[in-house]
Amino acid sequence: MSYSNAKLNKVVNFSKWEKIVPFFLLLVFVAMTPPTNSKKFRRSIQTIVIDAGHGGHDPGCSAGGVKEKDITLKMAKELGDKITELMPEVKVIYTRKTDKFVELWERADIANRSNADLFISLHCNSHKNTTISGTETFAMGLHKAGDNLDVAKRENDVLLLETDYQEKYDGFDPSSPESHIYFSLFQNAYMDQSIKLASKIETQISKTPNRNSRGVKQAGFVVLWKTGMPSVLVEAGFLSNKKDRDFLNSEAGMDEFTTAMAKAFVDYKNVFEGVPAASK
Ligand SMILES: [Zn+2]
């Protein structure tokens, strides 16, 4: 009788191990997942790269004595300071902190080398119709309207200031419509997250008293082409529009804009990092 009980216990215990061992092996497997994959599965935002568009001998667009490169640099620094203030644990990296020329590939490369979790490229818009105003945020993707393509073309034209740009950018020619189509068809793995970040930015912009949101858009931007993380390009406002220009060129306007951007970042980060709990 006692023998039978002992045998039964053994059977029961073995059965327990049968259940536990695979679970244990799974834990070992998860623990041994190579660190090179860590970003892919990382559910936290630790590093952000802020890219001040243009710089040096590339002023970007300009009107009324206000240059895009100066606005974007000031904006990048203020945004970075506000993010650091709100979330000191987040590392902020800049593609430039001075008035210098940085090639488009290098901007993406800085983000990739830093293993960044987000890339935000800051720009100002321009349009021949000077009544057009507002902020629009782009993710990489197919443009649905000619105006979106025009914005990408204008920003991509910066390549003409670089040497050997066709070699560096797989034969991309800013003067060729086919090249822009090619880039617009490029979809990176982070498109969904890029659009989510863009939406947070435009939502916060729409809440500001002096800014109007023109919404989330998509187009083929060379600077977003090879970034290996969610990436957006923000057209803060139209320098061709006096009201937008005066807003962006004022201390109060810059503060209002960068505060909205920083809030959008916090919103995105909170939602992104809350995802695992929601996956039950
Ligand atoms: Zn620009």
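Being in a loop (DSSP other than H, G, I, E, B) and either surrounded by fewer than 21 Cβ atoms within 10 Å (Cβ to Cβ) or within 16 Å of the ligand (Cβ to nearest atom) (or both) is the requirement here; does D150 meet it? Walk me through how you get there before you give the answer.
Working: in a loop (DSSP other than H, G, I, E, B): no; either surrounded by fewer than 21 Cβ atoms within 10 Å (Cβ to Cβ) or within 16 Å of the ligand (Cβ to nearest atom) (or both): yes.
So D150 fails the test.
Which of the residues that make up the range 153-184 are charged (D, E, K, R) and either in a helix (DSSP H, G or I) or under 20 Å from F238 (Cα atoms) (or both)? Break it down stepwise before answering.
Step one: of the range 153-184, the residues charged (D, E, K, R) are 153-155, 157, 162, 164, 167-168, 170, 173, 178.
Within the range 153-184, K153, R154, E155, D157, E167, K168, E178 qualify.
Quick one: which residue in F183, F119 is touching a Lys or Arg at 6+ places or on another chain (Cβ under 9 Å) and aromatic (F, W, Y)?
Numbers: F183 fails: touching a Lys or Arg at 6+ places or on another chain (Cβ under 9 Å).
The match here is F119.
Limited to the range 42-95, what total is found for residues that are of a type in the set (K, R) and in a strand (DSSP E or B)?
At the first step, the residues of the range 42-95 found to be of a type in the set (K, R) are 42-43, 67, 69, 74, 77, 82, 91.
Filter again for in a strand (DSSP E or B), leaving 67, 91.
Looking only at that region, the number is 2.
Which residue, of V222, V232, is within 16 Å of the ligand (Cβ to nearest atom), modelled with pLDDT under 95 and buried (at least 18 other Cβ atoms within 10 Å of the Cβ)? Walk me through how you get there before you give the answer.
Values: V232 fails: modelled with pLDDT under 95.
Testing whether each residue is within 16 Å of the ligand (Cβ to nearest atom), modelled with pLDDT under 95 and buried (at least 18 other Cβ atoms within 10 Å of the Cβ) leaves just V222.
All but one of (1) in contact with a Ser or Thr (Cβ under 7 Å, 6 or more places away or on another chain); (2) closer than 30 Å to S240 by Cβ; (3) surrounded by 22 or more Cβ atoms within 10 Å (Cβ to Cβ); (4) small (G, A, S) hold for A76; state the number of the condition that does not hold.
Failing condition for A76: (1).
Tell me which of these D246 doesn't satisfy, since it passes every other one: (1) buried (at least 21 other Cβ atoms within 10 Å of the Cβ); (2) touching a helix residue (DSSP H, G or I) at 6+ places or on another chain (Cβ under 9 Å); (3) closer than 21 Å to K67 by Cα.
(1) is the only condition that D246 fails.
The values are calculated or read from the model by the stated rules, or taken from the named source; none is laboratory data. In this text the structure is predicted, and so the values were computed from the model without any measurement. Heads up, the Cβs are rebuilt from the backbone with ideal geometry, glycines too, and the neighbour counts pull from every protein chain shown.
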